[in-house]
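Student: One structure is given below, represented as structure tokens, and several questions about it will come after.
The values are calculated or read from the model by the stated rules, or taken from the named source; none is laboratory data. Just so it is clear, the model here is predicted, and its values are computed rather than measured. Heads up, the Cβs are rebuilt from the backbone with ideal geometry, glycines too, and the neighbour counts pull from every protein chain shown. What goes into the accessible areas is simple: the full protein's heavy atoms, side chains included, and nothing from ligands, DNA or RNA. Shrake-Rupley method; radii C 1.70, N 1.55, O 1.52, S 1.80 Å.
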Amino acid sequence: NGNNLTDLYNCISSYNLDDFDGVIVTHGTDTLQYTASYLSYCFGYSKTPIVLVSANFPLTDDRSNGYINFCSAVDFIKSGNHNGVFISYKNSSESFTNIHRASRALPHLPYTDEVCSIFNSVYGRVENGVFYRNENYFESTDDKAFVCNPKLDECSDILYVKMYAGICFPLYFG
């Protein structure tokens with residue numbers, strides 16, 4: 001909810017980010033893209049990369065990609081010279097970890113745990129500990145991040161309803 005996002009913003013902004021090579025935020029997958037988008041509006045101009053990391057299964061499960069997502073976030077940060085907010089996520093159908101620009105991540109498709117970007121264009125990938133920038137990735141000059149009001153705790157009365165195939169709503173007769 002808005003209070004949690006405001007708390008996350010307050011926590012990150014309470015530090016001088018220039019003192020760090022990068023920031024890693026661990027997060028669940030269900031709302032990963034929404035938090036990433038919010039953070040990109042708040043920290044899109046940050047000279048210190050902020051990378052969100054999640055896992056498709058609990059870390060104790062052998063199928064989990066959480067460890068590789070975390071390691072890839074560290075490798076990405078160590079490669080240097082990246083500004084803004086990103087997501088580090090290895091899709092099960094790929095042998096490498098994608099680095100997504102947070103403002104470009106799409107919601108999960110039904111029945112999948114994969115993370116995709118707009119136009120299927122990722123910022124880059126981490127493979128065997130090495131970051132490779134996507135040479136075809138581009139951002140329009142109109143796509144600049146803007147600073148928003150991060151105080152979402154004042155917006156707790158907003159209801160979000162996500163539509164999907166097969167959803168059944170109760171009939172309402174006013």
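Student: Would you pull out the residues with amide H under 5 Å of residue 134's amide H, same chain only if 5 or more places away, H placed 1.01 Å from N?
Tutor: Answer set, sorted by chain and number: 124, 125.
Student: Here's a follow-up. Calculate, for residue 18 and residue 91, the FRET efficiency according to 1/(1 + (r/R0)^6) with r their C-beta to C-beta distance and R0 45 Å; round to the nearest 0.05.
Tutor: On the way: r = 33 Å, r/R0 = 0.73.
Efficiency computed from Cβ-Cβ geometry: 0.85.
Student: Considering only protein heavy atoms, what is the solvent-accessible area of residue 71 at a probe of 1.4 Å, reported in Å² to the nearest 10?
Tutor: Accessible area of residue 71: about 40 Å².
Student: Can you give me the long-range amide H partners of residue 86? Hydrogens built in the peptide plane at 1.01 Å from N, cutoff under 5 Å, separation of 5 or more residues or another chain.
Tutor: For residue 86, whose amide H was placed from the backbone, the distant partners under 5 Å are 50, 51, 52, 102.
Student: Using a probe of 1.4 angstrom, how much of the accessible area of segment 38-95 is carbon and sulfur, in percent? Working shown, then result.
Tutor: Working: 1480 of 2740 Å².
That share works out to 54 percent.
Student: Another one. For 43, 57, 119, write out the residues from largest to smallest accessible area, computed with a 1.4 angstrom probe and no ligands counted. Walk me through the numbers before you get to the answer.
Tutor: Numbers: 43 20, 57 65, 119 180 Å².
These residues rank, largest area first, as 119, 57, 43.
Student: Over the alpha-carbon set of segment 31-104, divide Rg by the Kirkwood Rh and report the Rg/Rh ratio to two decimals.
Tutor: Result for segment 31-104 is an Rg/Rh of 0.98.
Student: Quote to one decimal, in nm, the extra length available between residue 83 and residue 4 on full extension: 0.36 nm per residue of separation minus the C-alpha distance between them. Before the final figure, lay out the partial values.
Tutor: Values: separation 79, 0.36 × 79 = 28.44 nm, distance 2.39 nm.
Length difference between fully extended and current span is 26.0 nm.
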